[in-house]
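Visitor: I have a structure here, written as structure tokens, and I will follow up with some questions on it.
The values are calculated or read from the model by the stated rules, or taken from the named source; none is laboratory data. Only a predicted model underlies this, so the values are computations on that prediction, with no experimental measurement involved. Positions of Cβ are generated from backbone atoms using ideal geometry, with glycine treated the same way; all protein chains shown enter the neighbour counts.
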Amino acid sequence: MTRFHIQTTLTPLILLLAVAHAPVVAQAPVPDSVFVRQTYTKREVRIPVRDGARLFTVVYVPKDASAANRYPILLQRTPFSVAPYGPNTYPRTLGPNRFLMHEKYIFVYQDVRGRYMSEGTFENVRPFIADSIKARDRKAVDEASDTYDTIDWLLKHVPNNSGKVGQWGISYPGFFASMGAVSRHPALVASSPQAPVTDLFFEDFHHNGALVQAAFAAYPIFGMPRPKPTTANWWLAEFQKMSQLGGSDDDGFQLSLGPLSNVTQRYYKNNAFWQQIVAHPNYDAFWQARAVPHALRGVRHAVMVVGGWFDAEDLHGPLAVYKTLEANNPRARTTIVMGPWRHRGWAAQDVVHSVHGDLYFGDSLETKYQRDVETPFFHAYLKGNGNARLPDALMFDTGRKRWERFDRWPPPAASARMYYFHADGSLSTTAPHEASGYREYESDPAKPVPSRCRGPTIEDGTLYQYMSDDQRCFVSRRDVLTFQTEALREDVTVGGAIAARLQVSSTGTDADFVVKLIDVYPNDEPDSPSRPNKTVHMSGYQQLVRGEIMRARFRKSFSAPEPMKPGEVTPVQFRLEDVLHTFRKGHRIMVQVQSSWFPVFDRNPQRYVPNIYEATAGDFVKATQRVWMGSGAASAIQLQVLP
């Protein structure tokens, strides 16, 4: 197989490798691979950029292109290979989807600097360089300047182009699309960063400072230097070795690793990316420079940001990119699309029933997105009149299971509603009247709360199902606190960000706190005949709507951690990513609180150490955590509720 399809069962987090070449449901008159060869001419070039490096680029031009029949350019820049290499080898499909491929564009793919066949040195999530610095130093390069220089070269050297350029990318290629958007090349009229890598301290490899331990096998891809320009996957053997270490019990293997310092000594002592993570445990200048939002200024063209509500890897990215563009770029025509998908799920092909985990959301949602949203977006700005007829926000309600259109996101009509925790396990909009009260549990790092009730957490090397999983097994655990409402008398639609507002204390000096928002189905909930797993019934199902972890050491600052004081009531407040979910009449709203979520996230030693990556086994201790819920120290979850 080619174009990394050998790895498509493995991961977008690990395979940020999923190059956005996923075809869609559309009956072509000939097989796609035949259509590509019959319709397009392939050309391999090396594009020089301002510092002298040459970037390996593949150009596919429709054979009927002429001075009288010019085509716009659609560009993708990727760190994951533009294979197949060679002038006479063709990919199975081209472009973001089959509809665009058949509509015909000039499709361009580029190995970013330092990867595969491109010259230069690769830097993981290369920081953006201010325009003022580039003006003084012509050799100062970043991904924005490489995009600008690439577009400039293509316009001058690819015959019969229309002078208009669009770009797209999913996951890591989405990062390059975001950086390309701030190149500000006048010919760039449409960009689509999809699940874009945006800030690695809050997505992919971390959440609020906690390491995504489930990404254990990914480090060879990003931390093994390329020995020389190559068409081969030089990291693949090491990646496969790491992926197979857990065997059929990957959760058990992750626990057997012990402290993260063992990972360093046993596996990644010489891995450059792992060493960067170990050396930068806090949100310091290293991570801040690699965050995309601060660079998103001066964008004036159309941008469509795409993501999935159940993306276990890059959910933070599309929301952050969209909101930053909206706030700082009033001249950009910005749209966001969020569907009921896992990472990269909207690019899937031949989907009949659109599902995630145990849940069915409708039929062929992926195909309809590609046909009715993505294709019209690029057509409007590259070939049409600039009116894609899309709302500012096209968002899928995962409770009602239907698309909703908004003039902006989050919806201005949403209002904050507090749901307070009570000592009897209830959850209500009424604040507690008691002067003080608490519930407590013992958190034991040796026996962490598992990430899932059923099945492995890490599936084929990545995270897929846990983001919408059934939570019923956790209700009986002594190290999980559960709070829930009475059966709802009317629908409650939550649209926007969620805020956990905890008042906690610990016998330790550090702790993690996980908050999960859950939709509890009634006992008479019918089963859908289209549900993927016929052994799972929806009666009493407890669907995870959104969950997040917070490392208490970062409660005041992600860049300046502080230990907790044992026994002292401490506010720990943090944000859960946005949702659009309707809790239906007869359902209940549930919240669970715990102090581990393993092996999605690494375990907190619960004894404060300056760098958890250097903690030893002796630093891991049991701790009693109290969640306070009296009138003087009330714990709650804040939801944004739509009228």
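Visitor: Within the set of pairs 6+ apart or on separate chains, which have a first residue in the range 204-228 that is of a type in the set (D, E, K, R), a second that is not in a loop (DSSP other than H, G, I, E, B), and C-beta atoms under 8 Å apart?
Guide: Listed pairs, sorted by first residue: Asp204/Ala215.
Visitor: Another question, then. Among the residues in the range 171-190, are any assigned to a strand (DSSP E or B), over 19 Å from Leu55 (Cα atoms) and under 20 Å from the mean Cα position of the chain (by Cα)?
Guide: Checked against the condition, which is being assigned to a strand (DSSP E or B), over 19 Å from Leu55 (Cα atoms) and under 20 Å from the mean Cα position of the chain (by Cα), the range 171-190 yields no hits at all.
Visitor: Among all residue pairs at least 6 apart or on different chains, which show Cβ distances below 8 Å where the first residue, located in the range 334-347, is of a type in the set (Asp, Glu) and the second is part of a loop (DSSP other than H, G, I, E, B) and surrounded by 24 or more Cβ atoms within 10 Å (Cβ to Cβ)?
Guide: From residues that are of a type in the set (Asp, Glu), there are no pairs.
Visitor: Of the residues Leu502, Leu427, Leu481, Leu463, which is in the same structural domain as Ser539 (by TED's automatic domain parsing) and touching a helix residue (DSSP H, G or I) at 6+ places or on another chain (Cβ under 8 Å)?
Guide: Selected residue: Leu463, the only one of Leu502, Leu427, Leu481, Leu463 that is in the same structural domain as Ser539 (by TED's automatic domain parsing) and touching a helix residue (DSSP H, G or I) at 6+ places or on another chain (Cβ under 8 Å).
Visitor: Does at least one position in the range 323-337 carry a residue that is closer than 25 Å to Val536 by Cα, at pLDDT 95 or above and buried (at least 21 other Cβ atoms within 10 Å of the Cβ)? Break it down into steps so the answer makes sense when it comes.
Guide: Going residue by residue through the range 323-337, those that are closer than 25 Å to Val536 by Cα are none.
No, the range 323-337 contains no residue that is closer than 25 Å to Val536 by Cα, at pLDDT 95 or above and buried (at least 21 other Cβ atoms within 10 Å of the Cβ).
Visitor: To continue, here is another question. Confirm whether Leu257 is under 27 Å from Leu211 (Cα atoms) and in contact with a Lys or Arg (Cβ under 9 Å, 6 or more places away or on another chain).
Guide: yes
Visitor: Could you tell me how many of the residues in the range 509-543 are among the basic types (Lys, Arg) and touching a residue at least 12 places away in the same chain (Cβ under 8 Å)? I'd like the intermediate steps shown before the answer.
Guide: Of the residues in the range 509-543, the ones among the basic types (Lys, Arg) are 516, 531, 534.
Narrowing further to those that are touching a residue at least 12 places away in the same chain (Cβ under 8 Å): 516, 531.
The number of residues fulfilling the criteria is 2.
Visitor: Run Val299 past the list (1) more than 19 Å from the chain's Cα centre (by Cα); (2) crowded, with 23+ Cβ neighbours inside 10 Å; (3) in a helix (DSSP H, G or I) and report the number of the one that doesn't hold.
Guide: Result: Val299 passes all but (3).
Visitor: In addition: Taking the range 433-451 on its own, how many of its residues are modelled with pLDDT of 95 or more and assigned to a loop (DSSP other than H, G, I, E, B)?
Guide: Of the residues in the range 433-451, 7 are modelled with pLDDT of 95 or more and assigned to a loop (DSSP other than H, G, I, E, B).
Yes/no per residue for (1) modelled with pLDDT of 95 or more; (2) not acidic (Asp, Glu):
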{"site": "Gly252", "(1), (2)": "no, yes"}
{"site": "Gly258", "(1), (2)": "yes, yes"}
{"site": "Arg266", "(1), (2)": "yes, yes"}
{"site": "Asp284", "(1), (2)": "yes, no"}
{"site": "Trp287", "(1), (2)": "yes, yes"}
{"site": "His294", "(1), (2)": "no, yes"}
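Visitor: While we're on this one: Specify which of the listed residues (Gln240, Gln265, Gln254) is crowded, with 18+ Cβ neighbours inside 10 Å, part of a helix (DSSP H, G or I) and polar (S, T, N, Q).
Guide: Criteria check complete, one pass: Gln254.
Visitor: Another question, if that's okay. Is at least one residue of the range 525-536 touching a Pro at 6+ places or on another chain (Cβ under 9 Å) and either acidic (Asp, Glu) or assigned to a loop (DSSP other than H, G, I, E, B) (or both)?
Guide: No: the range 525-536 contains no residue that is touching a Pro at 6+ places or on another chain (Cβ under 9 Å) and either acidic (Asp, Glu) or assigned to a loop (DSSP other than H, G, I, E, B) (or both).
Visitor: Could you tell me how many of the residues in the range 565-583 are touching a strand residue (DSSP E or B) at 6+ places or on another chain (Cβ under 8 Å) and over 28 Å from Ile458 (Cα atoms)?
Guide: Let us first name the residues in the range 565-583 that are touching a strand residue (DSSP E or B) at 6+ places or on another chain (Cβ under 8 Å), namely 566-583.
Now restrict to residues that are over 28 Å from Ile458 (Cα atoms): 566-573, 582-583.
Looking only at that region, the number is 10.
Visitor: Which residue out of Val504, Val514, Val494 is closer than 16 Å to Pro599 by Cβ and part of a strand (DSSP E or B)? Give the derivation first.
Guide: Details: Val504 fails: closer than 16 Å to Pro599 by Cβ; Val494 fails: closer than 16 Å to Pro599 by Cβ.
One residue alone meets the criteria, Val514.
Visitor: Looking at (1) over 23 Å from the mean Cα position of the chain (by Cα); (2) free of Cβ contacts under 8 Å to residues at least 60 places away in the same chain, find the lone condition where Arg546 falls short.
Guide: (1)
Visitor: Go through Ala67, Ala144 for me and flag whichever is touching a residue at least 60 places away in the same chain (Cβ under 8 Å) and in contact with a helix residue (DSSP H, G or I) (Cβ under 7 Å, 6 or more places away or on another chain).
Guide: Answer to the check: Ala144.
Visitor: Same structure, new question: Mind checking whether some residue in the range 447-458 is within 26 Å of the chain's Cα centre (by Cα), basic (Lys, Arg) and under 30 Å from Ser505 (Cα atoms)?
Guide: First, pick out the residues of the range 447-458 that are within 26 Å of the chain's Cα centre (by Cα): 448-458.
Add one more test, that the residue is basic (Lys, Arg), and what stays is 452, 454.
If we keep only those that are under 30 Å from Ser505 (Cα atoms) too, we end up with 452.
For the range 447-458, residues within 26 Å of the chain's Cα centre (by Cα), basic (Lys, Arg) and under 30 Å from Ser505 (Cα atoms): present.
Visitor: Any idea which of (1) in contact (Cβ under 8 Å) with a residue 40 or more places away in the chain; (2) touching a Leu at 6+ places or on another chain (Cβ under 8 Å); (3) not hydroxyl-bearing (Ser, Thr, Tyr) is the one Arg408 doesn't satisfy?
Guide: Only one criterion is unmet by Arg408, namely (2).
Visitor: Moving to a separate point now. Name the one entry in Ser468, Ser530 that is closer than 18 Å to Ala312 by Cβ and hydroxyl-bearing (Ser, Thr, Tyr). Give the derivation first.
Guide: Values: Ser530 fails: closer than 18 Å to Ala312 by Cβ.
So the residue among Ser468, Ser530 that is closer than 18 Å to Ala312 by Cβ and hydroxyl-bearing (Ser, Thr, Tyr) is Ser468.
Visitor: I would also like to ask the following. Going by what's in this entry, would Glu486 be described as in contact with a strand residue (DSSP E or B) (Cβ under 8 Å, 6 or more places away or on another chain) and under 23 Å from Phe421 (Cβ atoms)?
Guide: yes
Visitor: Given the residues Val591, Val572, which is the only one that is among the aliphatic types (A, V, I, L, M), over 24 Å from His356 (Cα atoms) and in a strand (DSSP E or B)?
Guide: Val572
Visitor: Let me ask you something else. List every residue pair whose Cβ atoms sit under 9 Å apart, with the two residues 6 or more apart in sequence or on different chains, where the first one lies in the range 492-508 and is charged (D, E, K, R) and the second, anywhere, is not in a strand (DSSP E or B).
Guide: Matching pairs, first to second residue: Arg501/Ala634; Arg501/Ser635.
Visitor: Does any residue of the range 578-592 turn out to be more than 20 Å from Pro445 (Cα to Cα), among the charged types (D, E, K, R) and modelled with pLDDT under 95?
Guide: No, there is no match, as no residue in the range 578-592 is more than 20 Å from Pro445 (Cα to Cα), among the charged types (D, E, K, R) and modelled with pLDDT under 95.
Visitor: From Thr509, Thr482, which residue is within 30 Å of Gly567 (Cβ to Cβ) and in a loop (DSSP other than H, G, I, E, B)?
Guide: Exactly one of Thr509, Thr482 is within 30 Å of Gly567 (Cβ to Cβ) and in a loop (DSSP other than H, G, I, E, B), namely Thr509.
Visitor: A further question follows. Name every residue in the range 364-404 that is surrounded by 22 or more Cβ atoms within 10 Å (Cβ to Cβ) and part of a loop (DSSP other than H, G, I, E, B), in order of residue number.
Guide: Once the filter is applied, which keeps residues that are surrounded by 22 or more Cβ atoms within 10 Å (Cβ to Cβ) and part of a loop (DSSP other than H, G, I, E, B), the range 364-404 yields only Thr398.
Visitor: Same structure again: Testing Phe176 on (1) touching a strand residue (DSSP E or B) at 6+ places or on another chain (Cβ under 6 Å); (2) crowded, with 24+ Cβ neighbours inside 10 Å; (3) under 28 Å from Gln38 (Cα atoms), one condition comes back false. Which one is that?
Guide: The one condition Phe176 does not meet is (3).
Visitor: Considering only residues that are within 27 Å of Ile221 (Cα to Cα) and part of a loop (DSSP other than H, G, I, E, B), which ones fall in the range 51-80?
Guide: Within the range 51-80, Asp51, Gly52, Ala53, Pro79, Phe80 meet the criteria.
Visitor: Going by what's in this entry, would Leu427 be described as over 30 Å from Ser248 (Cα atoms), in contact with a Phe, Trp or Tyr (Cβ under 7 Å, 6 or more places away or on another chain) and part of a loop (DSSP other than H, G, I, E, B)? Explain how you work it out, then say what you get.
Guide: On the way: over 30 Å from Ser248 (Cα atoms): yes; in contact with a Phe, Trp or Tyr (Cβ under 7 Å, 6 or more places away or on another chain): yes; part of a loop (DSSP other than H, G, I, E, B): no.
For Leu427, the condition - over 30 Å from Ser248 (Cα atoms), in contact with a Phe, Trp or Tyr (Cβ under 7 Å, 6 or more places away or on another chain) and part of a loop (DSSP other than H, G, I, E, B) - is not met.
Visitor: To continue, here is another question. With in a helix (DSSP H, G or I) and among the hydrophobic types (A, V, I, L, M, F, W, C) as the only criterion, which of Ile151, Ile129 stands out?
Guide: Ile151
Visitor: crowded, with 20+ Cβ neighbours inside 10 Å and of a type outside the set (A, V, I, L, M): does that describe Pro225? I'd like the intermediate steps shown before the answer.
Guide: Working: crowded, with 20+ Cβ neighbours inside 10 Å: no; of a type outside the set (A, V, I, L, M): yes.
Spelling it out, it is not the case that Pro225 is crowded, with 20+ Cβ neighbours inside 10 Å and of a type outside the set (A, V, I, L, M).
Visitor: Specify which of the listed residues (Thr121, Thr93, Thr41, Thr78) is polar (S, T, N, Q), free of Cβ contacts under 8 Å to residues at least 24 places away in the same chain and closer than 22 Å to Phe378 by Cα.
Guide: Thr41
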